[in-house]
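Student: My structure is below; once you've seen it, I'll send some questions.
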Amino acid sequence: MSMQRARAGLSLLGTRPWALICSPGARPIVDMSYSHHFVDFQGSSIPTSMKKLLVTQLSPDFRKAVTLMPSVPVPVPGDGDLLIRNRYIGINASDINFSSGRYDTSVKPPFDIGFEGIGEVVALGLSASKTFTVGQPVAYVKFGSFAEYTVIPANIAIPVPLVKPELLTLLVSGTTAYISLKQFGHLSDGKKVLVTAAAGGTGQFAIQLAKHAKCYVIGTCSSEEKAGFLKSIGCDLPINYKSENVASVIKKKFPEGVDAVYESVGGEMFDMAVNCLATKGHLIVIGFISGYQTPQGILPIKAGALPAVLLRKSASVHGFFLNHYLSEYKEAIMALVKLYQSGKLVCEVDNGELSPEGKFTGLESVFHAVDYMYTGKNIGKIVVELPHLVNSKL
Ligand code: NAP
Ligand code: X1H
């Protein structure tokens, strides 16, 4: 089937008499006849079909829940939209909460998945062309990034200087640490801060931001290699929980306890962290990854003792979910990009090179990347690359 005929077969197009701009400097192609074809900014055609991942069944078992669709139509941007060719996509612990339907219990499969991406604009609607242009590097946080191409509203697109995996690490993982610690960490010079899953995607930023606030920072992790990485990003006291008792190490060093906790693991780690809180300490619940793979998505915690422990210490436990703090997002991402560009922030990327299947390349490797996260081996943010063939004549 020719590209033009395939496009003409899209019934949605029949309702959109606006201009679609597909090439820099090229005249806008007015899509009235539905007989245009897209031309991207490097001269290769945008294909009519693409691969994407789709949640077809609700399950925290990612492989069971998610299907690789080998050929679906490339989506068409509306008037205020951008069509992004995704170059790097981020893996998040919560991808399996999403695939199990925990985000929105009213939504039924099939639905798109993947929280974040970075790539280039390859086509855009007329209104969107007032602020964006074909070829421009942009990043975004929106459902549906596990696809070769994603349509996003221009008003959520984040212009970035370059399409780099390091910048992708800031979109969800970096901003989560920045906003939650700023709002609820009460960090200042000399405060003691504990970060769990410290060598992971978001933990690495909690460590560094707490150091920027001049705190003494303790980080938990599961290997000596991770402990070495934590040292390299400024962590004062990395603790390998596989070989050391975290509570004993903290109690010995700080009998008064810690002032703030950035807690991502849940279960026994959560209980331990609550018990290590100092008087008037603050624990931020960032996640509870140890429970996500269970059918209920939670592990039992000793909530029975929690009110008494908190009251005795005048301590607090605060839940944090990034989507509830979007008003703080712009300031956070700008500050983080600035820190990265000035060399003051390490954005560690784990591209799977050391995983059993090797580097995470192509949408197929998202399955490996999620498995890899749940082996707990990653150092830094897990990122999948979607390479594109520059001279593709697809
Ligand atoms: P990640 O930290 O890159 O990877 C997960 C890490 O968790 C592993 O490397 C592992 O490191 C640790 N871990 C501990 N127990 C585990 C278990 N039972 N199974 C698997 N891993 C375990 O992942 P991430 O995407 O950045 O997410 C980290 C946490 O932040 C998650 O709880 C996630 O839900 C949360 N998060 C929350 C928000 C929000 O808005 N609240 C936003 C982003 C992320 P070690 O065992 O070496 O420590
Ligand atoms: C409307 O607000 C939410 C918030 C979180 C709706 C769903 C969730 C959710 O599914 C999450 C979640 C989201 C992001 C993240 O980084 C961590 C988590 S943990 C989690 C969840 C897991 C199991 C449950 O039973 C309930 C929520």
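Student: When only C-alpha pairs under 8 Å and at least 6 residues apart count, what is the relative contact order of the chain, in percent? If you can, show how the numbers build up before the last one.
Tutor: On the way: 874 pairs, mean separation 61.4, N = 394.
About 16 percent, as a whole number.
Student: Helix 175-184 versus the longest principal axis of the chain: what angle, 0 to 90°, nearest 10, using Cα atoms?
Tutor: 40
Student: With angles folded into 0 to 90 degrees, how steeply does helix 329-341 sit against the dominant principal axis of the chain? Use alpha carbons for both and round to 10.
Tutor: 80
Student: Still on this structure, please answer the following. List every residue whose amide H lies under 5 Å from the amide H of Tyr88, counting only residues 5 or more places away in sequence or on a different chain, with H placed 1.01 Å from N in the peptide plane.
Tutor: Excluding prolines and chain starts, which carry no amide H, the hits are Ile118, Leu386.
Student: Label the stretch 158-228 by shape, choosing from rounded, prolate and oblate, from the square roots a ≥ b ≥ c of the eigenvalues of the Cα gyration tensor; if a/c is under 1.5 it is rounded, and otherwise prolate applies when a/b is larger than b/c, oblate when it is not. Mind showing how you got there, number by number?
Tutor: On the way: a/c = 2.36, a/b = 1.29, b/c = 1.83.
It comes out oblate by the Cα gyration axes.
Student: With an 8 Å Cα cut-off and a minimum separation of 6 or more residues, compute the relative contact order for the stretch 170-246 in percent.
Tutor: Details: 135 pairs, mean separation 21.0, N = 77.
For the stretch 170-246, the relative contact order is 27 percent.
Student: Assign one of three labels to the chain, namely rounded, prolate or oblate, based on the Cα gyration tensor with a ≥ b ≥ c the square roots of its eigenvalues; rounded applies when a/c is under 1.5, prolate when it is not and a/b is larger than b/c, and oblate otherwise. All intermediate terms of the calculation are to be shown ahead of the outcome.
Tutor: Values: a/c = 2.27, a/b = 2.01, b/c = 1.13.
Prolate shape, in that a/c is at least 1.5 and a/b is the bigger ratio.
Student: Another question, then. What aspartates and glutamates sit close enough to Lys344 to cross-link, taking a C-alpha to C-alpha distance under 16 Å and skipping anything fewer than 8 places away on the same chain?
Tutor: Glu166
Student: At a Förster radius of 25 Å, what calculated FRET efficiency corresponds to the Cβ-Cβ distance of Thr105 and Leu299, to the nearest 0.05? Walk me through the numbers on the way to the answer.
Tutor: Values: r = 20 Å, r/R0 = 0.80.
So the FRET efficiency works out to roughly 0.80.
Student: What's the angle, to the nearest 10 degrees (0 to 90), between helix 203-212's Cα axis and the longest principal axis of the chain?
Tutor: Long axis of 203-212 versus the principal axis of the chain: about 70 degrees.
Student: Then there is this: Taking every DSSP beta bridge with both residues inside the chain, roughly what % is antiparallel (nearest 5)?
Tutor: Expressed as a percentage, antiparallel bridges in the chain total about 60.
Student: Compute a Gaussian network model of the chain, connecting alpha carbons closer than 10 Å, and tell me which residue from Ala197, Ala305, Ala123 fluctuates the most.
Tutor: Ala305
Read the figures in this text as sums done on the coordinates, not as results from a lab. Predicted, not measured: the structure shown is a model, and the values here were computed from it. Glycine also receives a Cβ, built like all others from the backbone with ideal geometry; neighbour counts cover every protein chain displayed.
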